[in-house]
Every structure is written in C-alpha cells, then in structure tokens.
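S.K.: One structure, as structure tokens, below. Some questions next.
The values are calculated or read from the model by the stated rules, or taken from the named source; none is laboratory data. Just so it is clear, the structure is predicted and the values come from calculations on it, not from any experiment. Cβ placement follows ideal geometry from the backbone for every residue including glycine, while neighbour counts extend to all protein chains displayed.
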Amino acid sequence: MASLNNTPGTRVSYRKTVLLGNFEAPRFLLFALALTLVAIAADQLAAPILHSTSPLWATAAWLVLALRRGKLPRVHDDLPAKLPLLPGRLAAFLVAHLGLILVSRAMFGTFQPVAGTTTLGGTLLAAGKLCVLAPTILLLPLFRWRLLLSIFRAEFVAALVVLFTFFPSRVLESIWPWYGQVLGKLVFLLARPFVPGLGFIKGLTPTVTGPDLDVTLITACSGINGLELFDYLLGVVMLLDWNRLKKGRVLLAYFLGLLSMLLANTLRLTTFVVLGNHGYANLVSRLHISAGWVFFCAAFLVYLSLTYGWMLHKTRSSAEEL
C-alpha cells in the first residue's frame, strides 16, 4: 500500500501505469500501418512511377512485428489503450495521398527517363518514392507518435532496416565499378596460390584468367543473390523468435551477416576459379548459378548456428533491448 502526503506546500508528482491487454495499445498503430499499406499500394497502381517495393516491405515489417509483439509491458497512461482517429486527420491523410498521385502523374514525362537508372536523377527519384510514407504522420499528433515510437522502438528500427537495406541491388550497381575491382583482386589473390599462371585483367567487368578457365565478374557476381537470400531467411527467423531476441544484438548480427555473405561470395568465386582450372571447367560453367544458391544457403546456416544462441535472451524477461 502506498500513501500520498498532500500537506500544503508539498508537491507530489507521480505517474500511473496500466497493464494493457493483448493488442490494446497497438490497436491504432496496427490500423494506421494497415491503412498506410493499402494507400501505398493504391498510389503505385494509380501512378506507376511511384512503384517501389521498399515502402511496402518496411510498412509490412512494422505491422507484422507489432502483431508479433503481442502483450505489452507496462506503459505510461499518457498513451490510452484506444487512440481516436479524427475524421479531419483521416481526410488530410487521404488528400495527401491523392496529391502525391496527381503530382506524380503530371511529372511522369520528367521522371520516366531516369526511373530505374543508377544516375543521380534516378537515385533522387528512388529516394523521392519514399514520400508515400509521409502522410501517415498526419493521422496522429506528433507527441502521440513519439509515445508510440518509444513503445515500438525495436519494431520501428527493424522497419527502417528493411526500408534502407533489404533491397541493395541499386547500391551494389552504383558502386560496382569500384567494388568489382576489389572483388576481382581479392579472388585473384586468394586463388593464385592454388593456380599457377593466374592473371588479372582490370575493367568494368574484371577477369581472372587461368590456363583452363577465365572467370569474368559481372554485376550479378557481386553477391546480390546471397544478400537477398540472407535478408529473407533472417527475416523469417526474426519473425518466429521476435519476442525472445535481444534486439541490439539482432541489429549487430544483421550487419555482420551482410558482411559475412559478401565474404562468402568471395570464397565462392575463388572456388570456381580454382576448380575450373583443375579439370572442372565444364562443371563450373554448367553449375555455377545453382551451386551459388546452395553455397549461400550453407553460409547462412553456418552463420546462424554461430550467432543464434548469442541473440537469444538467456532468461525470460519482459525488458526490451535495442
């Protein structure tokens, strides 16, 4: 039992807390995210120049992880269990999306020539496509969003990771002229001790030359397939075990995992060079694509086996880490 001394001149400050039931606190967030998902899909159907999978995947990730979160810990009663959706704010949200559609359709002729390219204009257009997420802010006052973000901080960070890193093809294509040289040189240096007479030819598509097989590295050899596979497989693991994971360690393991997949890709290409120049040139030529998927799956399983236990909470706890 606690008592409050309300004697004159005594200032008492306290904050009540409430235990919110399953899906009570995130009810508005779930509705807002579902509404945003539908609105983004409508934007892209009405104005194809806005097409981008990143906003859809990021919104879906936040929505699914919020659902997966389940029963919440105690939170301040500054955030009521049921947040009202005011008609005026909903109207502003819809008008904002309509405005995006009209502007995008009107500017189609300007945007179309650079869409999907790795030029500065194409990059700016890709970044501009993220504006479809902005109208969601209109659904609540900013201080309410701050409270929601403080509760669902880990889920929000996960959505940002999905938004900016889950589809790295544009980044790899942009840096390929530099990264391709580094990758080719690493493959050459690793394979040289095992293949006498190995050579290296610089270029936009560098080539490792050998007595039996020359291996030319194109953009598809950048490891993009391995990175995408890692994203999908780790995403499934995160979804299944979200409430048991230490979120800060998950974030670190994610970025270290991307680096590990790039290193695994280097070893994969080195293996092709070595085997191809030791009597297996035809086998490498026929199976290098399918063998790559097997190799990346094996690399993911090895990485997960090394990090999975480290990412888990050792004891049951309701504390959230980021």
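S.K.: Within the bounds of segment 169-177, is there any residue that is in a helix (DSSP H, G or I) and of a type in the set (Lys, Arg)?
M.R.: Of segment 169-177, the ones in a helix (DSSP H, G or I) are 169-177.
Filter once more, keeping what is of a type in the set (Lys, Arg): 170.
Yes, the conditions are met somewhere in segment 169-177.
S.K.: Same structure again: Restricting attention to segment 218-247, which residues are hydrophobic (A, V, I, L, M, F, W, C) and in contact (Cβ under 8 Å) with a residue 60 or more places away in the chain? Steps first, please.
M.R.: The first filter runs over segment 218-247 and keeps only residues hydrophobic (A, V, I, L, M, F, W, C), leaving 218, 220-221, 224, 227, 229-230, 233-234, 236-240, 242, 245.
Within segment 218-247, Leu229, Phe230, Leu233, Leu234, Val237, Met238, Leu239, Trp242, Leu245 qualify.
S.K.: Same structure, new question: Just to be sure I understand the filter: pairs with C-beta atoms under 6 Å, separated by 6 or more residues or on different chains, first member in segment 163-182 and closer than 16 Å to Ala126 by Cβ, second member surrounded by 15 or more Cβ atoms within 10 Å (Cβ to Cβ) and at pLDDT below 80. Which pairs pass?
M.R.: Glu173/Thr118; Ser174/Thr118
S.K.: What's the number of the condition Gly197 fails, among (1) modelled with pLDDT of 90 or more; (2) of a type in the set (Gly, Ala, Ser); (3) more than 21 Å from the chain's Cα centre (by Cα)?
M.R.: (1)
S.K.: Hand me the list of helices (runs of 4 or more DSSP H) wholly inside segment 215-322 holding 2 or more residues that are in the same structural domain as Val182 (by TED's automatic domain parsing), surrounded by 15 or more Cβ atoms within 10 Å (Cβ to Cβ) and of a type in the set (Asp, Glu). Working first, answer last.
M.R.: Values: elements: 224-241, 247-276, 281-311.
Qualifying helices (runs of 4 or more DSSP H): 224-241.
S.K.: Still on this structure, I have one more. Which of (1) within 23 Å of the chain's Cα centre (by Cα); (2) of a type in the set (A, V, I, L, M); (3) over 29 Å from Ala299 (Cα atoms); (4) surrounded by 15 or more Cβ atoms within 10 Å (Cβ to Cβ) does Leu120 not meet, given it meets every other one?
M.R.: So Leu120 meets the others, but not (4).
S.K.: Of the residues that make up segment 180-192, is at least one in a loop (DSSP other than H, G, I, E, B) and of a type outside the set (A, V, I, L, M)? Spell out the reasoning first.
M.R.: Initial filter on segment 180-192 (in a loop (DSSP other than H, G, I, E, B)): none.
No, the conditions are met nowhere in segment 180-192.
Matching residues to (1) over 18 Å from Ala41 (Cα atoms); (2) surrounded by 16 or more Cβ atoms within 10 Å (Cβ to Cβ); (3) of a type in the set (A, V, I, L, M):
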{"site": "Gly99", "(1), (2), (3)": "no, no, no"}
{"site": "Leu124", "(1), (2), (3)": "yes, no, yes"}
{"site": "Leu133", "(1), (2), (3)": "no, yes, yes"}
{"site": "Phe156", "(1), (2), (3)": "yes, yes, no"}
{"site": "Leu160", "(1), (2), (3)": "yes, no, yes"}
{"site": "Leu163", "(1), (2), (3)": "no, yes, yes"}
{"site": "Gly180", "(1), (2), (3)": "yes, yes, no"}
{"site": "Gly184", "(1), (2), (3)": "yes, yes, no"}
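S.K.: Here's something else I'd like to know. For the subset of segment 189-212 comprising residues that are in contact (Cβ under 8 Å) with a residue 40 or more places away in the chain and closer than 28 Å to Ser174 by Cα, which member is surrounded by the fewest Cβ atoms within 10 Å (Cβ to Cβ)? If you could, list the steps in order and put the result at the bottom.
M.R.: Going through segment 189-212, the residues in contact (Cβ under 8 Å) with a residue 40 or more places away in the chain turn out to be 190-191, 194-195, 198, 208, 210-212.
Checking the rest, the ones that are also closer than 28 Å to Ser174 by Cα come to 190-191, 208.
On the way: Leu190: 16, Ala191: 23, Val208: 27.
Ranking the qualifying residues of segment 189-212, first place goes to Leu190.
S.K.: Search segment 45-57 for residues being in a helix (DSSP H, G or I) and in contact (Cβ under 8 Å) with a residue 40 or more places away in the chain, and hand back the single one that is nearest to Leu98 (Cα to Cα). Show your work before the answer.
M.R.: Pass one, segment 45-57, residues in a helix (DSSP H, G or I): 45-46, 48-50, 53-57.
Now drop any that are not in contact (Cβ under 8 Å) with a residue 40 or more places away in the chain, which leaves 46, 49-50, 53-55, 57.
Details: Ala46: 9, Ile49: 14, Leu50: 13, Thr53: 19, Ser54: 20, Pro55: 17, Trp57: 21 Å.
The residue in question is Ala46.
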